[in-house]
Structure formats: C-alpha cells, structure tokens
Amino acid sequence: MPELPEVETVRSGLAPRLVGRRLDSVTFRREDLRWPIPCDAIAGLAGSDVEEVSRRSKYVLVRFSGPSRPHLLIHLGMSGRLFLDEDVREDPEWRLHEHWRMGFGDRVLRYVDPRRFGALDLCEEADLGEHPLLAHLGPEPFADAFSAEYLFERSRGRKVATKVFLMDAKIVVGVGNIYASEACFHAGVRPSRPAGRLRRMDCERLAESIRGVLAAAIAAGGTTLRDYVGVTEDTGYFQRELRVYGRADEPCGVCGTPIRSAVLGQRSTFHCPTCQP
Ligand SMILES: [Zn+2]
C-alpha cells in the first residue's frame, strides 16, 4: 500500500513533467473508484493549465488554472499507480486495470488500480480545507505545526499506546505501520508505552525520528524513479534500512538483543526490549 514517502515520490516525479502543461483530453473507463468520480466536472478542466502539483497526506493535488483554482485530488488507495508516458504520438493501448487517463500534449497521465480503492475528485481551492477527505487531517510531519511541544500537548491524558497514537492521522498524517515502529526504535520509546507517559524529551526524539525515517524513505523512493512515475506494490527498496520492522528474533543492530514482535492496535509491531525501555 502506498505510504506518504511513495506518494511524495510520485508528486516530485509529476511536478516537473506536468506544471505548465495544458490538459487537452480526459478519458474515463469507469465512473467510480472507491467513490463516484465527478467525470463531467473533471472533463470540464480541459483547456486549463497545470499550475502546481502538491501533496496533502497521501493525496496528490494537481492545481489547474482558472478563477476558482480547481484542484484534482488523486489517492492511490491500496494498489493504485500513476504512469506518465512522454513523447506520445498516438494513443497508447489501455493497460489492464487502467481506469482513467489525461492527455497533456505529447504526455499522457494514466491511472492503473487493480483493487480500485483509489479516489479521484475535484475541489475548488477555497473548499479544500472542508473537503471530507482532508478536513479531519492533522499536520504534515514536515510542517512547523508538527513539533515536540505539539506531540507533548496532544498526548497528555492519553492512555493509547504511543505507536497507535502516532499512526492516528488526526494527530499527524503519513506515519504508517512500518514508519511508526521504526520511529519508536530511533527514539528509544517502547511502542506500547501509553502516550500520556511520554516525556518532553521523548516527544523531541519522536518528532525528529518520524521526520528522519520518512525523509530516508522519500530519498530511497526517489532513486527508483526513471522514465515513468509510479510506485511498486511493495516497499522492498526501503527494506534494507529497516532496523526493527519485520526483524523478529534477529539481533538488534545496536545492542544484539533479539527483536521482539507483538500486536498493537491489530497491527504487527517490532521493538528492541533493551533499547526501547
Ligand atoms: Zn537494542
């Protein structure tokens, strides 16, 4: 499942290839993915230019020209991939599970999603903050609003396990299961510790570790980008850098104690009992 680093990789691959280009055709092969697609409204963007490609949580936002500054919201769901064909002379054949495509001169953006949990929507800039998919989201991990002080304040009185707390998108977006385990390891915090018992120092380390593991994953994802924009179904490229995730019974790289696995909030969790008291 694409996580924040994969989506950021997609965003950074698309931005230089789409910004300044004019949308000249939109074709849908179905009218819904996870939810209905506003096909007519999106087709009405034809003739507008792409002004910016940004990201909010795991949504890629493509801003078009026009007085209302319309944003296309793209979510990859569980298995979605975006491909950008360049130097296209004639319409490429449709791939298996390709659901929509958009033409930008000699470039074609194509969306392929076997499981169809992805989403495509359109929203004017003024309404983005209230969009039902975005309204409840906490700060971005790289934003100034996400700080040690913020984590400390939000965790007061909370009995929920630290790892479950960090994976709550209302607290901070983009900290998936793998990254939450890794961040707890780097911060020296046991994932099961009640969030309300985090000290200021722990929050400082956690905020720093979350940014660190996500930045490393984004850097690794960036290296897989070649002539297409896409994400793979697994996170293999990041696997070698994982310190605890998926390493049950292997010796901890710092102290040699066997890594332990447990289930927290129905998700598998890994920690070093010595390094993470
Ligand atoms: Zn250890």
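Results, tabulated for the structure shown:
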{"read-out": "Relative contact order computed over the chain (Cα-Cα under 8 Å; 6+ residues apart), in percent", "value": "18 percent"}
{"read-out": "Cβ-defined net charge surrounding Leu133, 12 Å radius [Lys, Arg +1; Asp, Glu -1]", "value": "0"}
{"read-out": "Listed residues Leu96, Leu45, Leu151, most fluctuating in the chain (Gaussian network, C-alpha, under 10 Å)", "value": "Leu96"}
{"read-out": "Debye equation applied to the C-alpha atoms of the chain, log10 I(q)/I(0) at 0.13, 0.14 Å⁻¹", "value": "-0.89, -0.99"}
{"read-out": "Cβ-based exposure ranking for Ile210, Ile178, Ile218, in which fewest neighbours within 10 Å come first", "value": "Ile218, Ile178, Ile210"}
{"read-out": "Footprinting exposure proxy for Cys275, Cys255 (fewest neighbouring C-beta atoms within 10 Å first)", "value": "Cys255, Cys275"}
{"read-out": "Tilt relative to the chain, helix 200-222 - C-alpha long axis, 0 to 90 degrees, to 10", "value": "40 degrees"}
{"read-out": "Top of Ser68, Ser181, Ser79 by mean-square fluctuation, Gaussian network on the chain, Cα under 10 Å", "value": "Ser68"}
{"read-out": "Prolate/oblate/rounded label for the stretch 4-130 (Cα gyration tensor, a/c 1.5)", "value": "rounded"}
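Values quoted throughout were computed directly from the atomic coordinates according to the rules given, and no laboratory measurement underlies them. In this text the structure is predicted, and so the values were computed from the model without any measurement. Cβ: placed from backbone, ideal geometry, glycine included. Neighbour counts: every protein chain shown.
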